[in-house]
């Protein structure tokens with residue numbers, strides 16, 4: 001049963017239930033409950049990060065369905081063929097010596113596995129693989145969400161005027177290299193829950209860029225990451241799109257600010 005009880009004082013909210021957010025994203029909640037939850041989710045970075053993780057994981061696993069199936073190793077195939085041939089020979093010998101009346105008894109002999117067609121075996125295997133993939137999707141998404149929600153144990157030194165903890169530390173990861181053509185949800189997975197302002201350097205400059213692009217700067221992005229777009233430096237933010245399972249990606253040029261939107265791209269994926 002879906003857990004809708006987590007939250008401060010018993011109310012739905014932080015810490016967010018992964019089950020509840022998955023139901024919200026999938027559109028299985030009733031309209032009234034969804035209408036109450038979406039505004040809260042859209043302004044909560046933790047909830048947005050969980051939704052983004054679910055989308056990214058689903059996109060990655062969807063690609064596995066299109067990958068070609070790996071062939072059976074040759075030595076296993078040879079052993080299987082030999083076992084089937086031996087079983088077939090034994091059954092043929094038993095039938096020829098026992099006569100027609102003995103055939104039903106032989107077919108029902110306990111402890112002997114029936115020989116089935118390879119097509120039937122493949123259908124049964126594919127059914128099991130499909131069931132396993134569903135379990136894997138849910139498990140992987142839950143693991144990704146847990147990794148996002150668990151806070152860091154690191155502490156910030158310095159006095160009260162030090163840079164905010166959301167600023168990238170020296171030696172942070174290099175910019176995420178993106179190609180505008182073919183951009184999809186899987187490509188921006190590393191940006192989920194990131195707080196790397198890239199060439200914009202700080203939260204104030206990012207807020208100015210968001211406002212210049214008509215985006216409410218009070219909305220907390222689910223991810224901020226320094227990137228390169230077709231080789232050009234930019235800062236990427238991940239925002240809710242208002243549609244279930246979709247996210248808005250906006251990339252700003254380094255010189256964006258008041259009166260200069262500096263939009264590299266603004267698109268929806270998912």
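Where a number appears in this text, it was derived from the coordinates with a stated rule and is not lab data. Here the structure is a predicted model, which means the values were calculated and not measured. Every residue, glycine as well, gets a Cβ built from its backbone with ideal geometry; the counts of neighbours run over all protein chains shown.
Below are the figures for this structure:
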{"read-out": "Normalised contact order of region 167-270, rounded percent, pairs of Cα under 8 Å and 6 or more residues apart", "value": "27"}
{"read-out": "Proxy reagent accessibility, fewest Cβ within 10 Å first, across 219, 50", "value": "219, 50"}
{"read-out": "Rg over Rh [alpha-carbon atoms, Kirkwood Rh] for region 167-270", "value": "0.92"}
